[in-house]
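Report on the following structure.
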Amino acid sequence: MFRRLSLWLVLAALLSAVAWLLRETRELAEQIGWAERDARVVAARLVAVEAAAAAAAREGAAAAAERDRLATELAAALSRSTTLADALRAHRERAAAAKPTAGWGPMPEGVRSCLLALRDVLAAEGFPLPRFLAARALHERELADVEVLVADGDGLGAQCLAAGRMTATLDATAGRLELRFFDGVVTRGGVATALPADGWPLVYAPVDARFCAERLPALVQVVGALPAEAAAGAVRPADLDPVSRERWLERLDRLLAVAGLPEAWHVHRLRDLRAGWFESVQVLASDERGLLAGSIDGARMAVEVDRKAGVVSLRFCDGCLRRGATETTIRDEGYRMLLPKLTPSQATELMLGMVVER
């Protein structure tokens with residue numbers, strides 16, 4: 001009996017030990033599982049941190065490369081600016097050394113008379129006038145040390161020319177007067193640019209070749225044969241006096257300002273007015289930035305009204321229409337530019353009755 005009881009006691013002790021071992025093993029396995037999970041989380045965080053560090057390193061390298069590129073471009077731009085400034089300063093020093101007496105002193109009377117005659121010729125031909133600020137001498141049909149202010153074609157800007165010499169060439173066959181400036185600079189918007197080696201031209205056409213040659217004998221170099229002298233009592237093609245011409249230019253500009261056109265149009269030049277037709281006309285268009293967008297040159301132009309249809313147009317005959325690089329010839333039958341916001345009665349009132357009926 002005692003032996004059997006002892007055996008059961010031993011057996012119970014063994015079972016208890018086994019149970020304790022199993023519990024300990026399970027707890028240890030759980031701890032190992034938690035530790036492995038923590039290790040995986042830490043490993044994932046380490047991978048993310050390493051990736052972020054690598055990306056930051058790449059971005060830092062790219063930023064450094066961009067910084068170096070911009071620094072190089074800035075240095076090059078500064079170098080070019082310094083070079084241009086040095087060249088301009090050297091040019092001005094050479095010009096001052098070569099012409100120590102040039103300046104704003106009184107203009108010689110012969111030079112002044114010549115420039116006044118040139119002004120009268122251009123005004124009579126209906127062209128906008130360049131403003132001569134200075135000229136030192138006139139020798140062998142060349143003006144020396146000339147400064148002149150020239151308005152842009154659209155009237156919205158100007159450029160100043162300072163030239164060592166200026167020539168005037170009259171093409172008698174084409175009726176074309178060209179003023180050409182050499183050895184100097186042209187300044188626009190505060191930026192000075194050297195004049196081309198072959199000169200910088202100002203062209204006026206068409207002009208009455210005989211009239212120009214007779215009024216400017218000491219200045220113009222005539223190329224080609226002058227037309228035959230007009231018969232006694234004949235009327236010159238530009239009989240509209242300067243004051244009347246200026247008033248008609250202003251009146252036409254007011255008409256165009258209220259015409260409802262998509263661009264700003266401006267009558268730049270006209271020579272004469274005959275039977276309701278303006279002769280030798282140039283009209284310019286400017287875009288919203290004030291840049292030249294197109295032009296129309298016509299031997300004749302009229303404000304044409306169609307009272308039956310209730311429309312008003314500018315009609316051009318025998319000329320040229322320019323838009324960008326496109327140039328279209330206007331024949332004798334004419335080209336009409338519709339003025340959509342004007343009625344025939346409004347146009348007639350604005351033009352003081354100087355309209356033509358369609």
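The values are calculated or read from the model by the stated rules, or taken from the named source; none is laboratory data. Bear in mind that the values here come from a model prediction, so they are computed numbers and not experimental data. Please note: Cβ atoms are built from the backbone with ideal geometry, for glycine as well, and neighbour counts cover all protein chains shown. The area values use the complete protein model at the heavy-atom level, side chains included, leaving out ligands, DNA and RNA. Shrake-Rupley method; radii C 1.70, N 1.55, O 1.52, S 1.80 Å.
Quick notes
- Subset of segment 185-208 that is under 23 Å from Leu122 (Cα atoms) and assigned to a loop (DSSP other than H, G, I, E, B) - its residue that is most open to solvent (accessible area, probe 1.4 Å): Pro206
- For segment 209-223, a residue qualifies if it is in a loop (DSSP other than H, G, I, E, B) and at pLDDT below 85, and the qualifying residues are Leu216, Pro217, Ala218.
Residues are listed down the side, and each one gets a yes or a no for (1) closer than 12 Å to Leu314 by Cα; (2) at pLDDT 85 or above; (3) out of contact with any strand residue (DSSP E or B) (no Cβ under 8 Å at 6 or more places or on another chain):
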{"residue": "Arg274", "(1), (2), (3)": "no, no, yes"}
{"residue": "Glu279", "(1), (2), (3)": "no, yes, no"}
{"residue": "Val283", "(1), (2), (3)": "yes, yes, no"}
{"residue": "Glu288", "(1), (2), (3)": "no, no, yes"}
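- When every residue of segment 170-184 is checked against the conditions, none turns out to be in a strand (DSSP E or B) and β-branched (Val, Ile, Thr).
- Selected residue [open to solvent by less than 60 Å² (accessible area, probe 1.4 Å), touching a residue at least 24 places away in the same chain (Cβ under 8 Å) and of a type in the set (A, V, I, L, M, F, W, C)] from Ala168, Ala225: Ala168
- Scanning segment 312-346 for residues that are open to solvent by less than 60 Å² (accessible area, probe 1.4 Å) and within 25 Å of Asp287 (Cβ to Cβ) turns up Val312, Ser313, Leu314, Arg315, Phe316, Gly319, Cys320, Leu321, Ile330, Met337, Leu339, Leu342.
- If you go through segment 270-283 and pick out every residue that is open to solvent by less than 10 Å² (accessible area, probe 1.4 Å), touching a Gly at 6+ places or on another chain (Cβ under 7 Å) and not in a loop (DSSP other than H, G, I, E, B), you end up with 1.
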